[in-house]
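Okay, so here's the structure we're looking at.
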Amino acid sequence: MDINAFIKLIENWVLRSGPRVLMIILGALLFMFVAKIAVRIVRRTLEARNKSPEFHKRVQTFGSVVRYIVDAVVISTAIIMVIREFGIDVRPILAAAGVVGLAVGFGSQKLVQDIISGFFILLEDQVRVGDVVEIGGKSGVVEKVNLRLVVLRDLHGNVHFIRTGQIDMVTNMTKEFSRYVFDVGVAYREDVDEVIGIIKSVDEDLRSDPEYSALILEPIEILGLDRFADSAVIVRARTKTVPVEQWKVGREFNRRLKKKFDELGIEIPFPHMTLYMGQDKQGGSPPVNVRTDRGQ
């Protein structure tokens, strides 16, 4: 075939099949765009009917998964249709793809495992976008979840990509509600009942604050005198908050409790060391030479 015949063949294909290929590509892009808008409308409609933040997280998560599946199906279909426009019979390709897919399936068991694990994670509502979770020793806010990956962003801004097939255990710290545990250490000389009363008083003040009243679901629960530490007695308590807000509430509670302890003279012990020089048989202590080095 000479160059002129080849150019003529290209021209004929462009005039005959080119517009159809362009229409297929544009149709696929349009369909994905419409599907994106439809998912967004359905999501907003469902969120308007149910104001629960937990429900919103679940709708957002399933919306992203639906878009992921729709895009994959549309792109695959468009590729097959474009191949047909090149005059290639797709039936042998599909038959071969089935055989190759079976062979690849044995070699890509991890991918299949990821998809199956991701399906059950979503079905059982273990993880949703916006949750704070710990997976495989990594913790952070869930930014994205689909059948294959869970994407976390930690406190330092680092992004962790975790395959769903590698997830053996998920610790969700913000499902339905959250808790913050306080271990309040005071000196041995302090009255424990007085300390418990102060903790309850600080909690009442915090719950009466308009900025925090909507975040706290229940009055603080005093678990009691938990243990005797080296230089303090530990009173344990916990509070129940809306999801993700436990750290904000906990930090503000600690700040107010510290100010209240300072105001009432409640001692918060700190690590210190007592130097004992020993005694001789007559009960005397050896002299101690103390030298301080000051900067020049």
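The values are calculated or read from the model by the stated rules, or taken from the named source; none is laboratory data. Please read all numbers here as calculations on a predicted model, not as lab measurements. Cβ placement follows ideal geometry from the backbone for every residue including glycine, while neighbour counts extend to all protein chains displayed. Ligands, DNA and RNA are excluded from the accessible area calculation, which covers all protein heavy atoms including side chains. Shrake-Rupley method; radii C 1.70, N 1.55, O 1.52, S 1.80 Å.
Descriptive notes on the structure:
- Residue order for Glu143, Glu245, Glu176 - accessible surface, 1.4 angstrom probe, largest first: Glu176, Glu143, Glu245
- In the complete set of protein chains, residue-level accessible area for Met32 is approximately 40 Å², probe 1.4 angstrom.
- Length released on extending from Ile88 to Tyr68, taking residue separation times 0.36 nm less the Cα-Cα span: 4.4 nm
- Within-12-Å neighbourhood charge of Val159 [Cβ basis; K, R +1; D, E -1]: +1
- Eligible lysines near Lys138 by straight Cα distance, threshold 26 Å, same-chain separation 8 or greater: Lys57, Lys110, Lys175, Lys240, Lys248
- The stretch 105-159 shape via C-alpha gyration tensor axes, a/c threshold 1.5: prolate
- Val34 sits with roughly 80 Å² accessible to a 1.4 Å probe, with DNA, RNA and ligands left out of the calculation.
- Cβ charges +1 (Lys, Arg) and -1 (Asp, Glu), total dipole of the stretch 227-266, debye: 140 debye
- Placing R0 at 25 angstrom, the Cβ-Cβ distance between Asp262 and Ser213 gives a FRET efficiency of 0.50 after rounding to 0.05.
- Full-stretch length increase - Arg291, Glu221 - with 0.36 nm per residue and alpha-carbon distance subtracted: 20.1 nm
- Accessible area of Thr77 in the full protein assembly, 1.4 Å probe (Å², nearest 10): 70 Å²
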